[in-house]
Amino acid sequence: MPFGNTHNNFKLNYKVEEEYPDLSKHNNHMAKVLTKELYGKLRDKQTSSGYTLDDVIQTGIDNPGHPFIMTVGCVAGDEESYEVFKDLLDPVISDRHGGYKPTDKHKTDLNFENLKGGDDLDPNYVLSSRVRTGRSIKGYTLPPHNSRGERRAIEKLSIEALTSLEGEFKGKYYPLKSMTDAEQEQLINDHFLFDKPVSPLLTCAGMARDWPDGRGIWHNDDKTFLVWVNEEDHLRVISMQKGGNMREVFRRFCVGLQKIEEIFKKHNHGFMWNEHLGYILTCPSNLGTGLRGGVHVKLPKLSTHAKFEEILTRLRLQKRGTGGVDTASVGGVFDISNADRLGSSEVEQVQLVVDGVKLMVEMEKKLEKGEAIDSMIPAQK
Amino acid sequence: MPSPSLIESKGFVLLTAFTFFPEGPNAYLKYHLFFISHFYLCSSEYPDLRQHNNCMASNLTPAIYAKLCDKTTPNGYTLDQAIQTGVDNPGHPFIKTVGMVAGDEESYEVFADLLDPIIKERHNGYDPCVMKHPTDLDSSKIHSGQFDDRYVLSSRVRTGRSIRGLSLPPACTRAERREVERVVVDALAGLKGDLTGRYYSLTQMTEKEQQQLIDDHFLFDKPVSPLLTCAGMARDWPDARGIWHNNEKTFLIWINEEDHTRVISMEKGGNMKRVFDRFCRGLKEVERLIQERGWEFMWNERLGYILTCPSNLGTGLRAGVHVKLPLLSKDPRFSKILDNLRLQKRGTGGVDTAAVGGVFDISNLDRLGQSEVQLVQTVVDGVNYLIECEKRLERGQDIKVPPPIKQFK
């Protein structure tokens with residue numbers, strides 16, 4: 001069900017000028033691309049599930065943005081949104097993903113053996129390693145748009161797929177609405193539990209509707225492989241462990257993902273993917289690999305070096321605090337991850353993280369010894 | 001063009017027909033399901049209301065849901081949209097929220113099977129199927145409406161009005177919302193005498209104007225309550241929202257907040273009669289001015305004035321005072337006295353706030369089934385009684401709990 005905008009045909013009784021949103025105070029990708037003409041061109045369209053232009057952009061209208069952080073300001077309600085509203089979404093994608101063109105092709109590579117190294121990041125510096133991505137299940141609409149029935153069907157299918165896994169992937173599903181207090185406590189202590197979204201970026205897009213119906217967390221017994229069901233995407237898949245063995249984390253990530261995908265395919269509900277946009281997810285910022293591979297790493301000296309930001313940019317990496325996006329670092333420990341999502345493969349993105357973090361740890365060690373690091377600063381990757 | 005297709009689902013073979021709805025905007029709704037299969041498909045959509053305590057959850061059943069789930073109002077508003085706020089806000093064990101809103105005037109007809117029982121529960125037995133709501137804005141009928149200023153610090157009457165033909169805040173488009181603003185601001189510009197005033201649009205007010213409106217306690221904020229945001233009322237904020245008030249700052253109108261308009265008459269002190277006089281005069285004048293331009297308020301004799309929340313149907317009126325009752329409020333019979341007088345208490349910050357310094361916000365409980373005049377007279381009589389009690393307690397005399405007054409007159 002579209003959230004708040006079902007009467008699209010009725011709106012067409014009004015002129016474009018009368019319906020066009022006031023974006024004069026806005027600073028997000030959607031607001032930079034949308035014009036009255038474009039609005040007029042797209043406003044009478046809808047996907048076959050009934051998702052409309054106003055649904056796509058509502059979150060960007062309601063959240064003008066921040067002068068320093070550029071949010072995307074639009075979401076997809078289903079796989080078709082990226083086609084029907086391509087005149088808006090292609091330029092947004094291009095802006096967000098470094099000039100990615102409508103004719104570009106995205107490479108998918110989940111063959112973990114193609115990763116070089118990654119098993120020897122110094123655990124004295126690299127405290128933990130993690131790779132996450134999202135997956136959408138073909139045949140269902142996405143979180144901004146899906147109905148309770150669809151969400152429950154997604155959950156049911158996910159439970160079937162996940163509980164059939166064995167070996168290192170043997171695990172258990174915890175539905176949000178029926179977990180016991182003890183289970184909830186444990187999941188919080190493990191840092192696994194996700195909350196009802198409070199960010200207006202998500203709530204204005206309708207993603208928190210009917211909470212906590214159809215939502216849950218699955219993890220393996222080892223607590224190294226975790227899946228979130230029906231949060232911001234149909235599935236968020238996370239592989240993680242303490243220490244610096246990113247190679248192992250990525251291996252488990254790839255193997256687990258492929259096992260899950262096989263099961264969904266057998267039920268005629270494979271993952272949404274195409275060769276232009278890669279894996280289709282709710283937010284255009286997560287297209288392509290949808291992958292964020294990162295570490296928590298101690299860089300107290302390097303992080304205060306004048307060239308730290310530049311080094312990150314050249315390595316195609318980004319920093320966050322250890323609480324995740326928009327948090328500050330604590331004790332010189334940073335979350336360092338790949339900046340790119342679309343236009344390079346999973347292996348390529350994780351390779352950048354592995355190589356970049358290795359280099360930065362070496363720089364940190366040099367700085368500890370009082371030596372200069374200027375000769376180590378890399379060229380732009 | 002109907003074309004049959006077979007869909008297998010959980011072993012049930014569902015025969016569906018593709019039906020074209022000229023006004024139907026949503027392809028999902030275009031699948032019109034026949035036979036008992038309809039009930040089973042709807043059951044997969046039925047919300048889980050086991051943790052819920054609101055009027056919608058108390059009255060919704062799978063049968064009602066199945067009957068209404070594929071209906072829409074002419075503007076395209078659906079049941080799922082109307083109940084979304086109640087699904088998303090399970091409620092509080094002590095406070096029973098309504099849990100459902102109307103997206104337009106027709107919602108109250110199309111979803112009557114659910115809204116009528118909700119209305120009956122919320123409005124203490126008013127049965128919209130058989131009863132009629134009286135409207136009476138003749139303030140000359142009020143007597144004894146001047147309270148003792150030593151006790152009553154301020155007096156206030158508020159209501160809401162919706163413009164017929166335009167969707168309500170949960171469902172309105174930007175164009176409709178802007179049209180509400182245009183129609184109302186246009187009409188208000190025609191007010192004269194003590195009602196002469198000015199409009200302050202939220203998108204265009206200067207910082208100085210904003211500060212003044214805050215100091216006057218007139219400025220309303222973007223809603224943060226999930227009861228409102230989950231119903232879609234904060235969309236496109238602050239587009240087409242604003243505040244109008246007269247130069248004397250005694251007559252104030254909010255545009256496009258929780259309703260198309262909220263109309264407030266107020267002043268310091270205890271002259272409720274004058275506050276209500278101005279309220280009625282202002283309302284009637286605004287109505288005349290919009291009628292001149294071919295518009296009218298949403299109203300019918302079954303539900304009175306139509307507003308977004310079913311709790312505000314009928315008169316939509318809350319008439320109240322800020323009154324000092326330090327002794328009476330500590331008396332164990334205080335709540336019972338209020339109940340019998342059909343009054344409610346709130347803190348001076350409004351709903352869900354605590355009283356400060358023994359000062360309470362006392363107002364009418366009822367909205368639907370009695371007229372404006374009747375409700376204001378109830379408040380007048382009730383507050384006079386409370387002040388009498390306070391004075392008696394001051395003198396060391398005892399007080400009596402009054403007999404309960406009849407609810408529907």
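The values are calculated or read from the model by the stated rules, or taken from the named source; none is laboratory data. None of the values given here were measured: they were computed from a predicted structure. Cβ placement follows ideal geometry from the backbone for every residue including glycine, while neighbour counts extend to all protein chains displayed.
Structure notes:
- A:Ile336 falls short on exactly one of the conditions (1) part of a helix (DSSP H, G or I); (2) under 30 Å from A:Lys101 (Cβ atoms); (3) among the aliphatic types (A, V, I, L, M), and that condition is (1).
- Top-ranked residue in the range A:115-153 [being touching a residue at least 40 places away in the same chain (Cβ under 8 Å) and either part of a helix (DSSP H, G or I) or touching a Cys at 6+ places or on another chain (Cβ under 7 Å) (or both); ranked as farthest from A:Met363 (Cα to Cα)]: A:Arg148
- If you check B:Lys120, B:Lys96, B:Lys132 for being free of Cβ contacts under 8 Å to residues at least 24 places away in the same chain and basic (Lys, Arg), only one passes: B:Lys120.
- When the helices (runs of 4 or more DSSP H) confined to the range A:2-60 are screened for residues that are more than 8 Å from every other protein chain (Cβ to nearest Cβ), in contact with a Lys or Arg (Cβ under 9 Å, 6 or more places away or on another chain) and crowded, with 24+ Cβ neighbours inside 10 Å, those reaching at least 1 such residues are found at A:29-33.
- Strands (runs of 3 or more DSSP E) fully within the range A:204-250 counting 2 or more residues that are among the charged types (D, E, K, R): A:235-242
- Verdict on A:Val75 being in contact with a Pro (Cβ under 8 Å, 6 or more places away or on another chain), under 24 Å from A:Asp104 (Cβ atoms), surrounded by 20 or more Cβ atoms within 10 Å (Cβ to Cβ) and away from chain B (no Cβ under 12 Å): yes
- Listing of strands (runs of 3 or more DSSP E) fully contained in the range B:297-409 that carry 2 or more residues being among the hydrophobic types (A, V, I, L, M, F, W, C): B:318-324, B:359-364
- Among residues that are of a type in the set (D, E, K, R) and at pLDDT below 95, B:Lys400 is not included.
- Considering B:His133, B:His92, B:His32, the condition of being in a strand (DSSP E or B), more than 14 Å from every other protein chain (Cβ to nearest Cβ) and either out of contact with any helix residue (DSSP H, G or I) (no Cβ under 7 Å at 6 or more places or on another chain) or modelled with pLDDT of 95 or more (or both) is satisfied by B:His32 alone.
- Any hit, the range A:266-284, residues being within 29 Å of A:Thr103 (Cβ to Cβ), in a helix (DSSP H, G or I) and either at pLDDT 95 or above or among the hydrophobic types (A, V, I, L, M, F, W, C) (or both): yes
- Screening B:Ser155 on (1) touching a helix residue (DSSP H, G or I) at 6+ places or on another chain (Cβ under 8 Å); (2) in a helix (DSSP H, G or I) shows it passes everything except condition (2).
- Residues of the range A:217-242 that are surrounded by 20 or more Cβ atoms within 10 Å (Cβ to Cβ), closer than 16 Å to A:Val131 by Cβ and not hydrophobic (A, V, I, L, M, F, W, C): A:His219, A:Asn220, A:Thr224, A:Asp233, A:Arg236, A:Ser239.
- Listed by position, the strands (runs of 3 or more DSSP E) contained in the range B:162-267 that have at least 3 residues being more than 14 Å from chain A (Cβ to nearest Cβ) and under 21 Å from the mean Cα position of the chain (by Cα) are B:242-246, B:251-255.
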